[in-house]
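K.L.:
For reference, the structure I am asking about is given below.
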Amino acid sequence: MELFCRKLGKGDPLIILHGLYGSSDNWYTIGRELAADHTVYLVDQRNHGNSPSHPVHNYQALTGDLREFMAQHHVNRPVIIGHSMGGKAALAFGLNYPEMVRKIIVVDISPLGYFSDGNMHEITGHERIISALQTIDPGTLANRREADLLLKKYIAPPAIRQFLLKNLKHNSDGGFYWAINLPVIAENMHEIFSGLILENEHDPRSIARFPLLFIRGEYSHYIRKKDEKAIRHYFPWSNIVTVQGTGHWLHAEEPASFLRIVREFIAEVS
């Protein structure tokens, strides 16, 4: 699969993978800052943005897409930053191809699944988002404000609505279409929120080591105490850094703090 990307800057390669409902657009500001020292590849993952759609959407497929992307663009041992779903895709790539990465930064996501131990509210929250988006027929919309008013019935926070509505694009006829493949995402929700590490089945000694950092938002629920314990157990050489006063979209809420943490980690001697 040939993924769409935006390429910025010059220097050692750095790939950024967006999260669920996201696209390369969401990371342009961060990418532009990092492009001062790196060749930055802002990638649209499958079923998102300008990349192709496909009925299969799991971490094996996303890992394969990334490997193919690196071959197509002649990218050698990049730093990979992934947020949420993109963070799991980045980590999955490191677990499968540790020799192909320089460093990996996982932003606000756990290597575990979210189907037990009180994490189900994260799943149901996303199910509500998918259902809300599916109530909007883009072919009937007169303007973006109309879509926002429809979405407001289900999703109150304006910032979340605006983030989601970035997936609403103009077609050549002046109408609208969804740039995200909502039916496929809905069908594969279980895969997206599944774990890369299965507790009591993975031996930490079998996991190849590569420079690894987890960054989480202070108020986010995606890396809880159980997840932190698992990270320290399965990836004992890694580090976890918390960005104070932020939630799940910490890179947008505190970009200066996020960039400082990223740059410090990249500069560390491995």
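Every number in this text was worked out from the coordinates using simple rules, so none of it is lab data. Not measured: the values here are computed from a predicted model. We place every Cβ from the backbone using ideal geometry, glycine too, and count neighbours over all the protein chains shown.
K.L.:
Which of ALA147, GLN134, SER172 sits closest to the plus end of the dipole of the stretch 120-190, meaning its Cα is farthest towards the positive end, when Lys and Arg get +1 and Asp and Glu get -1 on the C-beta?
P.N.:
Final value for the positive-end residue is ALA147.
K.L.:
Beyond 20 Å between alpha-carbons counts as too far, so tell me which of LYS88/LYS226; LYS88/LYS152; LYS10/LYS166; LYS88/LYS229 fall in that bin.
P.N.:
Violating the 20 Å Cα-Cα cut-off are LYS88/LYS152; LYS10/LYS166.
K.L.:
Here's a follow-up. Just how large is the dipole of the chain about the Cα centre, in debye to the nearest 20, putting +1 at every Lys and Arg Cβ and -1 at every Asp and Glu Cβ?
P.N.:
400 debye
K.L.:
Give me, ordered by chain and number, the residues 5 or more places off GLN45 or on other chains with an amide H under 5 Å from its own placed amide H.
P.N.:
HIS18
K.L.:
Shape of the chain from its Cα gyration tensor (a ≥ b ≥ c, root eigenvalues): rounded if a/c is under 1.5, otherwise prolate when a/b > b/c, or oblate?
P.N.:
Because a/c hits 1.5 or more and a/b exceeds b/c, the chain counts as prolate.
K.L.:
Where is the GNM fluctuation largest for the chain (alpha-carbon springs, 10 angstrom cutoff): GLY245, GLY113, GLY49?
P.N.:
Maximum among the listed residues: GLY245.
K.L.:
On to the next question. What distance in nm separates the simple spin-label points at SER194 and HIS74, each placed 7 Å from Cα in the Cβ direction?
P.N.:
3.6 nm
K.L.:
Compute, for the stretch 120-190, the length of the dipole vector about the Cα centre, with Cβ point charges of +1 (Lys, Arg) and -1 (Asp, Glu) only. Units Debye, rounded to 20.
P.N.:
280 debye
K.L.:
Let me ask you something else. Tally Lys and Arg at +1 and Asp and Glu at -1 over the other residues with C-beta under 15 Å from the C-beta of PHE258: what net charge comes out?
P.N.:
It works out to a net charge of -2.
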